[in-house]
Amino acid sequence: MTRLLTSQKFRRIAIQSTFVFLIAVFIISLVVTGQRNIAAQGIATGFGFLERTTGWPVNFSVIEISPRSTYALVLWAGLINTMLVGFLTLIFSTILGLILAFMRISSNTLMNFVGTAYVELFRNVPVILQVFFWYALLTHLPSPKQAYDLAGIGFLSNRGLMLAVPELSSTDWLTLLAALVAIMIGLFVTRGRGEARLKGLIAVGLIVVLFAVLLLTGRAPDTGLLSVPELKGLRFIGGMTLKPEFSALLIGLVLFGAAYIGEIIRGGLLSVDKGKLEAGVALGLSEFQTNRYVRIPLAFRAMLPSLSNQYVWLMKATTVGIAIGYPDYFAIVSTSINQAGQTMELIALLMGGFIVVNYSIGFLMNQINERIKLKGRS
Amino acid sequence: MTEVIGAPMRATGPVAWARRHFFATWYDAIFSVILGALIIWSFNALISWAFLDAIWTVENKDQCDHGAGACWAVIQDRGRLILFGLYPYEEQWRSTLACLIVIVTMVLSCLPSFWSIRRIPILWTVGFGLFILLMRGGFAGLPLVRSEQWGGLSLTLFIFCGVFILGMPLAVLLALGRRSSLPVIAKGTGLFIDLFRSLPLLTILFAAAVVVPLLVPEQIQGSKLSRVIIAFAVFFAAYQAEIIRAGMQSTSQGQEEAAVALGMPYWSLVMDILLPQAFRNTLPSTINQAVITFKETSIVTIIGFFEVMASGNAAIGSGEWGNQYVEVYVFLALIYFVFVFGLSRYGSWLETRMRLGHA
Amino acid sequence: MHNTAISINGLNKYYGVFQALKDVSLDVADGETVVICGPSGSGKSTLIRCMNGLESYTDGTLEVLGHTVGDDTKELDRVRKRVGMVFQSFNLFPHLTILENCVLPQVRSQGRDRTAATVEAIDQLKKMQVDIHAEKFPDQLSGGQQQRVALARALCLKPDIMLFDEPTSALDPEMISEVLEVMQELAREKMTIVCVTHEMGFAKSVADRVILMASGQVVEEGTPDQMFNDPQHEITKEFMKVVSG
């Protein structure tokens, strides 16, 4: 018997089996206790609740929802809200981060100073505090009656930023899409240089004119091209409203994210071997050309893993929106738990949603990484 | 005969220095002028607002809503709320002392002389233990103050330290598990780590506060605060485990073989060989993780804990100071800044020191 | 008393489909110095690492000092406490001083108390002529010095057998001799030694037997005189020509 205990093979199997057994026991006890507690509290189980109407309003949504929408639809709206704020944050903070990175590596001392001050300021204060700050600022703006007028096409008040937007029906959107596709096909078919390219560009120009005419003539009577917000009583009608909940969250996340992304980009740029840059200069490339053809491509490859990590983090950070009332996915789930009970199912949906979104970003970045990776002996 | 061009030389002197740093190219010059003006203007505005035109005492409060400067009177009025939360007024000296002890502990653990596998745990057990004893009281004439009343900065520090103390050992276990040669354990811990790293912190804390009571028998549920701290610690451990694992990987495999060949037991391999080197190699990343964790403690305000972020909002929320949100938020930002900036500076200093030679 | 220190019979090792060791049989007597040589990929490193259980084998028997090296952890433990090993890349612990490198294994592996361990450590370091570096760290020493420290560290545990896995292959030429000298001294003191090396001078001076391996098999074995001056096998002749030429 003791011989068995000291056998390596036996030990390996025994340890792993015990491990699996303990985990199974743990999970099963959780499930059993959970079921008992849920039954005792009279909460229903299952995902049937998704087809019930919610009965409560949501203050911001991209898709059309109302208190008469189903839970499934409202949860979906929440997920879209998260992705909306998330992807806009990623885009804007990357742009701002790029600017910051170049400012910080610039030889101009003042640029350097401003860049560094920015990064130190925005990195060392928690993101939720920053979001609270912007929200307080935006909600302390004057009321709609005394709103700031932005050249007639927009208004800024404590209800949000109202902007004029193009008034387009669904056929208009289809027309635009068709135009875009036509242009892309045209450019692709006539790719190359010289005369072929010129012909291609002329064709694209003709397509643009054709579709513009279609857009302008096929309109229903009395609808202009723009929907402009107008003050009617206490509120604004028309145009698009960017609510302070959305704006504050976006501003806070973008400014915070840019500080981190700026540092990642800067790290990537600095990590490019000086020798390669000197080679570029020695070959007669201008500083701009060296940057564009040597430094940036190499830096991009170096910074991709850190950048992808930061993107995933920023996506998760959108959950602080609940603190200021932005109905992101987490906020909707949390309200649903309050209203409908079904805690376990909703938490599962919550975690599932985030895992899917994050793995998608990670997967996408991995694909990009694989494609652009420097090939060679690893 | 070819022309001889002299080698490029660097000009010296203050004019040349200014040219290089501010006016190297024409667009540089434009930027310098614009930025220079911007910097001077904002600096001036900041000084006026924060100091020159500011109102410092509560007596002059009525000037606040009309004055152009900062209304720091709100800090004088609400400062204690922000720092100590709802802790009883007469006992706040205990809260202050406890916070100081924790800060001293943090500073001491940054000194290389304390860096041993034995000293650090002892230091933190003593420091944190004293903190809890002082805050809680209930002995030697100190009245009992339950954890529900702890708030403000002291609660922030409590959460931070709790997460760190619970999370570190767990991180070591997870790291060892992931690099185990037993495939089931390696994959299992890997899944666990990846799962926790892909979820938002808020989701995990929320689940701990709301879901755990449903899944676990009443007797072992613990208070909401302890559940949240444990969940936060697991989250921290998942990230820290990856850092430690990277540190262990950079320790050459040969050392493990040597230890095995010398007949050294597994626990000795881990405690004497792998961990000391792993921690030393990854100290900058660990400090970075600590900085992030400190900032993340602010998230618990959403779950309903009265830490410093919530106490700040409470200070504003009460009608009379509603417009002074900037001053309060700046005060909060300064508190965070002190800890966070301090820790990150220390981290950079460490990194430089390690790159140049022995830690 | 075991006359045969190491007894290997029909050892086979597979890495998937690749066979690293083919039916290797080999005996090492007490006090013998055996040199194993051969082209790279011949399996000689694998073989020596099987002797203290750093590598496992697929089938065959392997007995060291009467203990079976195999699946049983207790037996393995006993073997490792009596067999020392010196590696190609020294494998000193970089965060410990030279002295601590030698003291710690004694304390942890054999439960010796610190004072006794320190005395023994200084003694061995003196024999290796590196005792003046006792308070330094490994990366402050040269390769040759580090290897001698590694040898001292192993000897502190008072092993009955010493295994050397290409101990001088990572050294600059001018430092090879200082390591070989202490190894030769060890051989003269009748320590049982198995050494994988390319240093034929060492083999000629102190080896009792030289074994040539190629493609995972033992090709030929004999005294240094036989192997260098009168090789029988084709592969041995080729190898000796390359090595001495």
**Request:** Return the average number of partner chain Cβ atoms within 10 angstrom of each residue Cβ along peptide A:118-126.
**Result:** 6
**Message:** Using only protein heavy atoms and a 1.4 Å probe, how much accessible area in total is buried between C and B, to the nearest 100 Å²?
**Reply:** 1700
**Prompt:** Going toward the positive end of the dipole of the protein assembly as shown, with +1 on Lys and Arg Cβ and -1 on Asp and Glu Cβ, which of B:L215, B:T282, A:T45 do you reach last?
**Reply:** A:T45
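For chain C, report the convex hull volume of the alpha-carbon atoms normalised per residue, in Å³, without decimals.
Details: hull volume 31.8 nm³, N = 245.
Per-residue hull volume (Cα only) is 130 Å³.
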**Prompt:** Taking region B:4-48, which trypsin sites (Lys or Arg not before Pro) meet the DSSP loop condition and have no more than 16 other C-beta atoms within 10 Å?
**Reply:** B:R10
**Complete:** Partner aspartates and glutamates whose C-alpha sits under 20 Å from that of A:K232, ignoring same-chain residues fewer than 8 away, are A:D149, A:E167, A:D222
**Prompt:** Which residues' amide hydrogens lie under 5 Å from the amide hydrogen of C:V218, considering only partners 5 or more residues apart or on another chain, with H built in the peptide plane?
**Reply:** C:S25
**Item:** Accessible surface of B:L201 - all protein chains present, 1.4 Å probe, nearest 10 Å²
**Value:** 10
**Message:** Positive end of the dipole of region C:103-245, charges at C-beta (+1 Lys, Arg; -1 Asp, Glu), about the Cα centre: which of C:T223, C:L155, C:L186 has its Cα farthest in that direction?
**Reply:** C:L155
**Request:** State, as an integer percentage, the relative contact order of region C:137-245 based on alpha-carbon contacts under 8 Å between residues 6 or more apart.
**Result:** 20
**Fill in**
Taking max minus min of the Cα coordinates of region A:1-129 on each principal axis, largest first, gives extents in Å of 77, 57, 22
**Prompt:** Cross-link partners among aspartates and glutamates for C:K241, C-alpha distance below 16 Å, same-chain residues fewer than 8 apart left out?
**Reply:** C:E199, C:E220, C:D225, C:D230
**Item:** Shape box of region C:88-132 [Cα atoms, principal axes, largest first, Å]
**Value:** 27, 19, 17
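How big is the dipole moment of the protein assembly as shown about its Cα centre under a simple scheme where the beta carbon of each Lys and Arg is +1, that of each Asp and Glu is -1, and everything else is neutral? Debye, nearest 20, please. Write down the numbers at each step before the final one.
Working: 77 positive and 73 negative charges, 263 e Å.
Here the size comes out at about 1260 debye.
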**Prompt:** Taking K and R as +1 and D and E as -1, what net charge do the other residues with C-beta under 15 Å from the C-beta of B:T25 add up to?
**Reply:** 0
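List the relative contact order of region B:78-355 as a percent without decimals, with contacts defined as Cα pairs under 8 Å and 6+ residues apart.
23
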**Asked** What pairs in C:K13/C:K81; C:K44/C:K74; A:K276/B:K295; A:K9/C:K44 have C-alpha atoms more than 28 Å from each other?
**Response** A:K276/B:K295
**Fill in**
Along region C:49-54, Karplus-curve 3J(HN,Hα) (6.51, -1.76, 1.60; θ = phi - 60°) to the nearest Hz, with x for Gly and Pro, reads 6, 6, 5, 10, x, 6
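Computed from the mean reciprocal separation of all distinct C-alpha pairs, what Kirkwood hydrodynamic radius does chain B have, in Å?
24.4
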**Prompt:** Given labels modelled 7 Å from the Cα in the Cβ direction, how far is it in nm from B:V184 to B:A11?
**Reply:** 7.6
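Where only protein heavy atoms count, and the probe is 1.4 Å, what is the accessible area per residue for chain C in Å²?
Values: 10390 Å² over 245 residues.
Result: 42 Å² per residue.
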**Relative contact order %, region B:201-359, counting alpha carbon pairs below 8 Å whose residues are six or more apart** = 22
**Message:** Do any residues of region B:275-314 show a loss of at least 40 square angstrom of accessible area between the isolated chain and the full protein assembly, using a 1.4 Å probe, and if so which?
**Reply:** B:Q277, B:K295, B:I302, B:M309
**Asked** Picking from B:S32, C:L212, B:V74, whose Cα lies most toward the positive end of the charge dipole for the protein assembly as shown (charges on Cβ: Lys, Arg +1; Asp, Glu -1)?
**Response** B:V74
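Order these peptides, A:136-148, C:115-127, by their mean beta-carbon neighbour count within 10 angstrom, highest first.
C:115-127, A:136-148
Taking both sides together, what accessible area is buried at the B/A interface, probe 1.4 Å, expressed in Å² and rounded to the nearest 100?
Numbers: alone 20800 and 23800 Å², together 39990 Å².
Buried surface at the B/A interface: approximately 4600 Å².
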**C:D23/A:R52 FRET efficiency (R0 51 Å; Cβ-Cβ; nearest 0.05)** = 0.10
**Complete:** Treating only Lys and Arg (+1) and Asp and Glu (-1) as charged, each at its beta carbon, one finds that chain B has a dipole about its Cα centre, in Debye to the nearest 20, of 980
**Message:** Counting only other residues whose beta carbon sits under 13 Å from that of B:K187, what net charge do I get with K and R as +1, D and E as -1?
**Reply:** +1
**Fill in**
The value for the protein assembly as shown (convex hull of the alpha-carbon atoms, volume per residue, Å³) is 295
**Request:** Return one whole number: the accessible area per residue of chain B in Å², for a 1.4 Å probe.
**Result:** 49
**Message:** What does the structure give for C:102-112 when I average, per residue, the other chain Cβ atoms found within 10 Å of the residue Cβ?
**Reply:** 4
**Shielding score for C:84-94, defined as the mean number of other chain Cβ atoms within 10 Å** = 5
**Percent of Cα pairs exceeding the 17 Å cut-off, where the set is region B:80-192** = 62
**Prompt:** Under a straight-distance cross-link criterion of Cα-Cα below 13 Å, which aspartates and glutamates are reachable from C:K136, leaving out those fewer than 8 residues away in the same chain?
**Reply:** C:E100
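Using a probe of 1.4 angstrom, how much of the accessible area of chain A is carbon and sulfur, in percent? Mind dumping the intermediate values first?
Working: 14370 of 21250 Å².
Carbon and sulfur together cover 68 percent of it.
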**Prompt:** By accessible area of protein heavy atoms, probe 1.4 Å, what ranking do C:V103, B:V104, B:V4 get, highest first?
**Reply:** B:V4, B:V104, C:V103
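Calculate the tail of P(r) for chain A: the fraction of all Cα-Cα distances greater than 26 Å, expressed in %. Could the numbers behind the result be given before it?
Values: 50487 of 71253 pairs.
Of the Cα pairs, 71 percent sit more than 26 Å apart.
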**Asked** Quick one: in region C:13-141, what % of C-alpha pairs are over 18 Å apart?
**Response** 65
**Message:** Could you sort C:D230, B:D194 by their accessible area in this structure, using a 1.4 Å probe and putting the largest first?
**Reply:** C:D230, B:D194
**Asked** Quick one: which bits of region A:281-321 get at least 20 Å² less accessible when the partner protein chains are in, versus the chain alone, with a 1.4 Å probe?
**Response** A:W313, A:K316, A:T319, A:V320
**Message:** With a 1.4 Å probe and all protein chains left in place, how much of the accessible area of region B:128-180 comes from carbon and sulfur atoms, in whole percent?
**Reply:** 69
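The values are calculated or read from the model by the stated rules, or taken from the named source; none is laboratory data. Nothing here was measured: the structure is a model prediction, and the numbers come from that model. Cβ atoms come from the backbone with ideal geometry, glycine included; neighbour counts cover every protein chain shown. The protein model used for the area step is the full one, side chains on, heavy atoms only, and it has no ligands, DNA or RNA in it. Shrake-Rupley method; radii C 1.70, N 1.55, O 1.52, S 1.80 Å.
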